[in-house]
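Written below as structure tokens is the structure these notes are about.
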Amino acid sequence: MSTPRIRASVISVIALALFGALFARLWYLQVATTSEFEAAAARNSVQEIIDPAPRGRILDVKGRVLVDNRMANVLTVDRTITDRQQREVLRKLSVRLDRSPKQLKARLDDPRNSPYTPVRIADNLTYEQLQYVAEHRTEFPGVRAATVPVRQYVNGSTAFHVLGYLGEINEAELKAQVDPHAYQLGDKIGKSGVELTYESDLRGRPGVTRVEVDATGRVVRRLDKRPARAGHDVRLTVDLDVQQVTEAALKQGLDAARKVKDPASKDKFRLLNAPAGAAIVLDTTDGSVVSLASEPDFNANEFVNGIRQSTWEWLGDPRNNLPLVDRAVSGMYAPASTFKLVTAIAGLRAGVVDPTTTIVDNARYAYPTDPDHPFKGEGANGKVDLPRALAVSSDVYFYRIGGELFARQKRGDPTGTALQDTARELGFGAATGIALPTESVGRVPDAAWKQAIHDKNPAAFPYPEWLPGDNILSSIGQGDMLVTPVQMASAYMTLADGGTRYSPRLADAVFRAGVDAGNAKDLAAKKVRDLAPIKLGTVDIPQRDALMAGFTGVVENPKGTATAAFAGFPPGLAAGKTGTAQVQGKQNTSWFVGMTPAAQPRYIVLVVVEEGGYGAQTAAPISRAIMEQLNGLPVGAVTNVSPPAGN
Amino acid sequence: MAIIASDRRSRIQESPLRHVDPLLFGPPLILGALGLLMVYASTHRILESEHLDPMFFVKRQIIAIVIGLAAMVGLMMIDYRRLRELSLLGYFATVLMLVAVLKLGVDVKGAQARFDIGPFQVQPGEFAKVFLTLVLAAYCTRHREEMSGRRLVTALAICAVPMGLIMLQPDLGTDLVLMAMVFTILTMAGARARHLVVLVLVGFTFAVVAVQAGVLDQYQIDRLTSFANTGADAERSGYNAKQSEIAIGAGGLTGKGLFAGSQTNGQHVPEQHTDFIFTVVGEELGFVGGAVVLGLFAIIVWRTSRAARLAQDPFGALCCMGVLAMFVAQVFENVGMATGIMPVTGIPLPFMSYGGSSIIVSFACIGLVANVHMRRFS
């Protein structure tokens, strides 16, 4: 390496090698692994601008709008204005809008806002405020007046538990989405009620505009656009008129109950608490929910612009009786005498009784092997057959059925579990499938259940065995039996329609946005789909006439438990069953399951009132008022019928 | 033999312009034109969006190219052997300018490397390339065949003055290019092999010590070390490197098409019209475009090495080899940093990057090579 020639060659080789390295690297980047970089370049430069779709409306069965979108005047601020402009604009806006610049700044800087769309800085402006900004446009660079759709619950708190409310989507809900464009952080999503269960229909599909942006986020060009599709309108089976009467009657009934003495208390001055209740009206022809109410309720409009923290805390405090809980579907109660429907059918199917089986009710029943521990009934009813046993709510009659079935169970007779079997067939212990979230399943206790809870916690549940008392208490809907109001209403619906089981149906059709509900042609043209009644199956109900006679006796027989509550009600129009459930540490739960008209019931009108005393006392008058409305009768004021007529 | 002799005689009598190498001029002109297109591609959108003349940078670049061509032709007119005498003058002028720029220069992105003269900026560091090449070649020619250790140290001292001043700016990229040039000229001038090995080791040690002892500014260390871990530190110093790699990689075989690169249009690659001009080629013209650019540079290097080989005297050969080394180093470093195999040091791509000084000096270097080449018979 001494001659210049060799040295020149070495340098040439080095130069060649360096060029070779560049070629190789270029080949590697641009040919061998290019797709990776293409993707990276796309991530870099392509941004999506989401254009929210207007949410669908919710209509009642007659097409009346229950939930609408109101157009609200809002101001938006473009975030690309300079910091100095921004300070100036916020200062001026704060004067006009009567808000502190700090508040406005906080909204502007909220990280949930897309950097590519103007930020909504103020809602619900008056026309004057909007006008001022529009007229002084040069003073407010980057500020735009806009109208945006805002959810509006037209009738305030009416049907709150049916309709539900919207809230901001949370992390878990966001993660659960399949379509990444469907929701953005900060979007509203149904949190309860129909707003939640029909979310996918109501939501629509947001528009997506893909734009190419530069490194500073400025839009270079528009790539493509998928327009937004407005959410569908959902028509409910709920009738606004019935709903309003149902709610009013329930509220009045609770108020009236709170003014009377608790009949079960020895304390003369102890009034009923009646803090909460539920009412459901079902149409027996197809299982439609005509009304559904739960007290206390709440005005969903308070959620529209984000609920106040203090209100949210108030709603979560048990002392305020949890207005957000829908007791009609998630409340679990001992059914008490309303459960005698199940016991009667079980007894008939097992052949323990027939309609003419008569016993003497002396308010006392003891299981044969344990005569020293009798079960007490609520008053002696003398000679009773099955219809009369229902009408006067004879506990002893049904204790006997429960006792006899237990004996058979012990013998290994397959009919011995008729009570539990019938209960399950009628839908207890399982969700009814109503299109509302948070439905509870309740509990039908049996031998297996008792063994299971014992195994789980032997200290709290020392007896693993299914005892006579378990079956006997179950037969009058006490003990460990728990049902939801909607389950009970469904069971009576099955009786009323002769054995067909429907899942309670809340909505009957879905239409494209903006359907004219009063126009049959438009309804047909815009229909997206029908929500047909959902038949769950049939239940064999023997001796239906005898049973219906018993339930009619409840309101018409002079000794009927609810006769006093239905005094003056047109004969033949009502039937039903009272229930008075004993609850550990609380006043009695008041139940009434009404059916109207009596011969071939069209509607089930169920009412349950927590700590409402006797069923006939508080729940029955509420049910009566609703039945009056359903039959086109003048709706009387709901009073509390005391002294109680029975259980 | 006689034929050759007579042939030689006749050629001496001809004008040297008859012996210019057209292949030496073609590639720089094509690269210059392509550079204009790339400068336009990377700047017109941002200029338009600011309501400025979209041709602003292109027009200025055209002026620089015209001046560069004039410098090239001017340099060809003076016999390079006379340049040898003038080179010392140029050297001292450059050193003075380098001192002055440290006092009076404009601070751009942490480096004090340029003067503002009217609307134009002058980077003395670029001109140092030409004059240092000439001075070093002249010194080495005088002491050819006897490059003792002492002479070598003297030669290095000559280089150390301007290179040290450039380091103070700091402009690491230019120094790296100068190092390649110095090393090549010393090698060709017959420096002893063991001296060269020591030189490499010293240079390497210096680099390590410089990084460790904080001679380099933090931003330079960041740039130098960030290329090794671009993924981890994309937000900071690795950002340039990562974005340019994305741009080039996204170009694929044939590119996104002229003016259709999203990385380019979106200004995602900083310094794209200057140091990262190659990313525009890579993204919009793809591997094909990049290969053409590299090919054109390869032709320049080939013709320069040929000029060195055919040079009439050692001084001319050393000048050519110096220029060759600078072009190779500059292209390798520039394209290397754009493709992520070299650290980001902020160094322009000859003939293409926006920047007057670099353009003028690049064409002047071509003029120097052409000068040597066309006077190979005289």
Residue check for B:Ser357: more than 10 Å from chain A (Cβ to nearest Cβ), under 23 Å from B:Gly251 (Cα atoms), crowded, with 22+ Cβ neighbours inside 10 Å and hydroxyl-bearing (Ser, Thr, Tyr): no
Selection within the stretch B:334-349 - crowded, with 24+ Cβ neighbours inside 10 Å, within 14 Å of chain A (Cβ to nearest Cβ) and not small (Gly, Ala, Ser): B:Asn334, B:Val335, B:Met337, B:Thr339, B:Leu349
Residues (more than 20 Å from A:Asn588 (Cα to Cα) and open to solvent by 10 Å² or more (accessible area, probe 1.4 Å)) located in the stretch A:327-357: A:Leu348, A:Arg349, A:Ala350, A:Gly351, A:Val352, A:Val353, A:Asp354, A:Pro355, A:Thr356, A:Thr357
Which numbered condition A:Ala53 fails, given (1) facing chain B (nearest Cβ under 8 Å); (2) in contact with a Gly (Cβ under 6 Å, 6 or more places away or on another chain): (1)
Condition check for A:Gln47: within 14 Å of chain B (Cβ to nearest Cβ) and within 41 Å of the chain's Cα centre (by Cα): yes
Any hit, the stretch A:587-594, residues being more than 30 Å from A:Ala249 (Cα to Cα), open to solvent by less than 10 Å² (accessible area, probe 1.4 Å), of a type outside the set (A, V, I, L, M) and within 23 Å of the chain's Cα centre (by Cα): no
Residues of the stretch B:118-132 satisfying the condition of being open to solvent by 10 Å² or more (accessible area, probe 1.4 Å), of a type in the set (A, V, I, L, M) and modelled with pLDDT of 90 or more: B:Val130
Whichever residue in the stretch B:97-117 is under 16 Å from B:Pro170 (Cβ atoms) and open to solvent by 80 Å² or more (accessible area, probe 1.4 Å) and, among such residues, is modelled with the highest pLDDT: B:Lys103
Test result for A:Arg70, at the interface with another protein chain (Cβ under 10 Å from one of its Cβ atoms), at pLDDT below 90 and farther than 30 Å from B:Ala338 by Cβ: no
Some residue of the stretch B:354-372 being part of a loop (DSSP other than H, G, I, E, B) and more than 22 Å from B:Met179 (Cβ to Cβ): yes
Those residues of the stretch A:151-187 which are aromatic (Phe, Trp, Tyr) and in contact (Cβ under 8 Å) with a residue 60 or more places away in the chain, in sequence order: A:Tyr153, A:Phe160, A:Tyr165
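Here is a list: B:Glu50, B:Glu85. Which entry is farther than 22 Å from B:Val122 by Cβ, among the charged types (D, E, K, R) and away from every other protein chain (no Cβ under 14 Å)? It would help to see each step written out before you state the result.
Details: B:Glu50 fails: away from every other protein chain (no Cβ under 14 Å).
Of B:Glu50, B:Glu85, the one residue that is farther than 22 Å from B:Val122 by Cβ, among the charged types (D, E, K, R) and away from every other protein chain (no Cβ under 14 Å) is B:Glu85.
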Number of positions in the stretch B:308-326 that are open to solvent by less than 30 Å² (accessible area, probe 1.4 Å) and more than 9 Å from chain A (Cβ to nearest Cβ): 10
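What do you reckon, is B:Gly249 surrounded by 24 or more Cβ atoms within 10 Å (Cβ to Cβ), facing another protein chain (nearest Cβ under 7 Å) and at pLDDT 90 or above?
Values: surrounded by 24 or more Cβ atoms within 10 Å (Cβ to Cβ): yes; facing another protein chain (nearest Cβ under 7 Å): yes; at pLDDT 90 or above: yes.
When the stated conditions are applied, B:Gly249 passes them.
Pick from A:Ala32, A:Ala41: which is exposed (fewer than 15 other Cβ atoms within 10 Å of the Cβ) and within 14 Å of chain B (Cβ to nearest Cβ)?
After ruling out the rest, the residue left standing is A:Ala32.
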Filter result (over 24 Å from A:Ala24 (Cβ atoms) and open to solvent by 10 Å² or more (accessible area, probe 1.4 Å)) within the stretch B:291-307: B:Arg306
For A:Thr80: the one exception among (1) free of Cβ contacts under 8 Å to residues at least 24 places away in the same chain; (2) within 14 Å of chain B (Cβ to nearest Cβ); (3) over 30 Å from B:Leu253 (Cα atoms): (1)
Residue list for the stretch A:250-271, filter: touching a strand residue (DSSP E or B) at 6+ places or on another chain (Cβ under 8 Å), more than 11 Å from A:Asn640 (Cβ to Cβ), assigned to a loop (DSSP other than H, G, I, E, B) and not hydroxyl-bearing (Ser, Thr, Tyr): A:Asp262, A:Ala264, A:Lys268, A:Phe269, A:Arg270
Cβ pairs under 7 Å, 6+ apart, first in the stretch A:266-284 and acidic (Asp, Glu), second open to solvent by less than 70 Å² (accessible area, probe 1.4 Å): A:Asp283/A:Val290; A:Asp283/A:Tyr603
Residue match in the stretch B:266-277 (condition: more than 18 Å from A:Thr34 (Cα to Cα), among the hydrophobic types (A, V, I, L, M, F, W, C) and either crowded, with 24+ Cβ neighbours inside 10 Å or touching a residue at least 12 places away in the same chain (Cβ under 8 Å) (or both)): yes
Within the stretch A:614-643, tally of residues that are touching a strand residue (DSSP E or B) at 6+ places or on another chain (Cβ under 8 Å) and assigned to a helix (DSSP H, G or I): 12
Check on A:Ile14, surrounded by fewer than 20 Cβ atoms within 10 Å (Cβ to Cβ) and at the interface with another protein chain (Cβ under 10 Å from one of its Cβ atoms): yes
First in the stretch B:252-265 and within 9 Å of another protein chain (Cβ to nearest Cβ) and in contact (Cβ under 8 Å) with a residue 40 or more places away in the chain, second anywhere and open to solvent by 20 Å² or more (accessible area, probe 1.4 Å) and not in a helix (DSSP H, G or I), Cβ under 6 Å, 6 or more apart: B:Asn265/A:Val220
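Residue-by-condition table, conditions (1) closer than 25 Å to A:Ala389 by Cα; (2) touching a Lys or Arg at 6+ places or on another chain (Cβ under 7 Å); (3) open to solvent by 60 Å² or more (accessible area, probe 1.4 Å):
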{"site": "A:Ser503", "(1), (2), (3)": "no, no, no"}
{"site": "A:Val510", "(1), (2), (3)": "no, yes, no"}
{"site": "A:Ala513", "(1), (2), (3)": "no, no, no"}
{"site": "A:Asp516", "(1), (2), (3)": "no, no, yes"}
{"site": "A:Ala520", "(1), (2), (3)": "no, no, yes"}
{"site": "A:Ala525", "(1), (2), (3)": "no, no, yes"}
{"site": "A:Val539", "(1), (2), (3)": "yes, yes, no"}
{"site": "A:Ala549", "(1), (2), (3)": "yes, no, no"}
Filter result for B:Asp116 (acidic (Asp, Glu), more than 14 Å from every other protein chain (Cβ to nearest Cβ) and more than 20 Å from B:Asn334 (Cα to Cα)): yes
Residue in the stretch A:228-242 that is in a helix (DSSP H, G or I), of a type in the set (Ser, Thr, Tyr) and at pLDDT 95 or above present: no
Given (1) at pLDDT below 95; (2) under 22 Å from A:Met332 (Cβ atoms), number of the condition A:Asp522 does not satisfy: (2)
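The values are calculated or read from the model by the stated rules, or taken from the named source; none is laboratory data. From a predicted model like this one, the values you see are computed outputs, not experimental measurements. Positions of Cβ are backbone-derived with ideal geometry, glycine not excepted, and every protein chain shown enters the neighbour counts. Just so you know, the surface numbers come from the protein's heavy atoms only, side chains and all, with ligands and any DNA or RNA stripped out. Shrake-Rupley method; radii C 1.70, N 1.55, O 1.52, S 1.80 Å.
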